[in-house]
Amino acid sequence: WKYSGDLSYQLIQSMYSIGSGGLFGLGLGNSRQKFLYLPYSESDCIFAIIVEELGYVGGLAVLVVFGLLIWRGVRIALRAPNTFGMMLATGITGLIAIQVFINIGVVTGLVPPTGVVLPFISAGRTSLIMFMGSIGVLLNISRQTRAV
């Protein structure tokens, strides 16, 4: 913490944000870090803000929702009617899973900062539109599924 003004500033502020949330958080909109201290809080570090405002319980809920989405994507891939559908569903699901892992890894200090957004949550219309389109493709593949 001695040289907190250099390259590790964002990570340190992210850790402060996660730690100050506690079990149930400070309440929606009551984050202190997003206003003055945490750079890119609306995109790169949105998970830290979620944990600060909703607590560890809210962070766990976000992880559970992403886990269910990834599980459903794997299930769609396994039931795809052909090889192309299976590979496409696997790729889309893998892309979402990797982006979730990288974003949460950056916020918690497990992965070096990269600028990868948290799907469906981070600010940015381009990524939101792309992920919504990807989910649309997954839904189309699931409509054509075969019984396993």
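Here is a list: 16, 40. Which entry is surrounded by 13 or more Cβ atoms within 10 Å (Cβ to Cβ), assigned to a helix (DSSP H, G or I) and aromatic (Phe, Trp, Tyr)?
16
Only one of (1) in contact with a helix residue (DSSP H, G or I) (Cβ under 6 Å, 6 or more places away or on another chain); (2) within 30 Å of residue 143 (Cα to Cα) is not met by residue 69, so which one is it?
Exception for residue 69: condition (1).
From 114, 126, grab the single residue that is of a type in the set (S, T, N, Q) and not in a helix (DSSP H, G or I).
114
Which condition number in (1) closer than 30 Å to residue 40 by Cα; (2) touching a helix residue (DSSP H, G or I) at 6+ places or on another chain (Cβ under 8 Å) is the one that residue 77 fails?
Residue 77 satisfies all of (1) closer than 30 Å to residue 40 by Cα; (2) touching a helix residue (DSSP H, G or I) at 6+ places or on another chain (Cβ under 8 Å) except (1).
Could you tell me which of the residues 84, 47 is at pLDDT 95 or above and either over 15 Å from the mean Cα position of the chain (by Cα) or crowded, with 20+ Cβ neighbours inside 10 Å (or both)?
84
(1) touching a residue at least 60 places away in the same chain (Cβ under 8 Å); (2) more than 23 Å from residue 33 (Cα to Cα): which one isn't true of residue 71, the others all being true?
(1)
Kindly provide the set of residues from the stretch 58-73 that are of a type outside the set (Phe, Trp, Tyr) and over 13 Å from residue 145 (Cβ atoms), ordered by number.
Correct list: 58, 59, 60, 61, 62, 63, 64, 65, 67, 68, 69, 70.
Of (1) within 15 Å of the chain's Cα centre (by Cα); (2) part of a helix (DSSP H, G or I); (3) crowded, with 18+ Cβ neighbours inside 10 Å, residue 101 satisfies all except one. Which?
Unmet condition: (3).
Give the stretch 44-94 a look and list any residue that's small (Gly, Ala, Ser) and either within 17 Å of residue 29 (Cβ to Cβ) or assigned to a helix (DSSP H, G or I) (or both), or say none.
48, 55, 58, 59, 61, 67, 73, 77, 85, 89, 91, 94
The values are calculated or read from the model by the stated rules, or taken from the named source; none is laboratory data. Worth saying up front: this structure is predicted, and the values here are computed from it rather than measured. Heads up, the Cβs are rebuilt from the backbone with ideal geometry, glycines too, and the neighbour counts pull from every protein chain shown.
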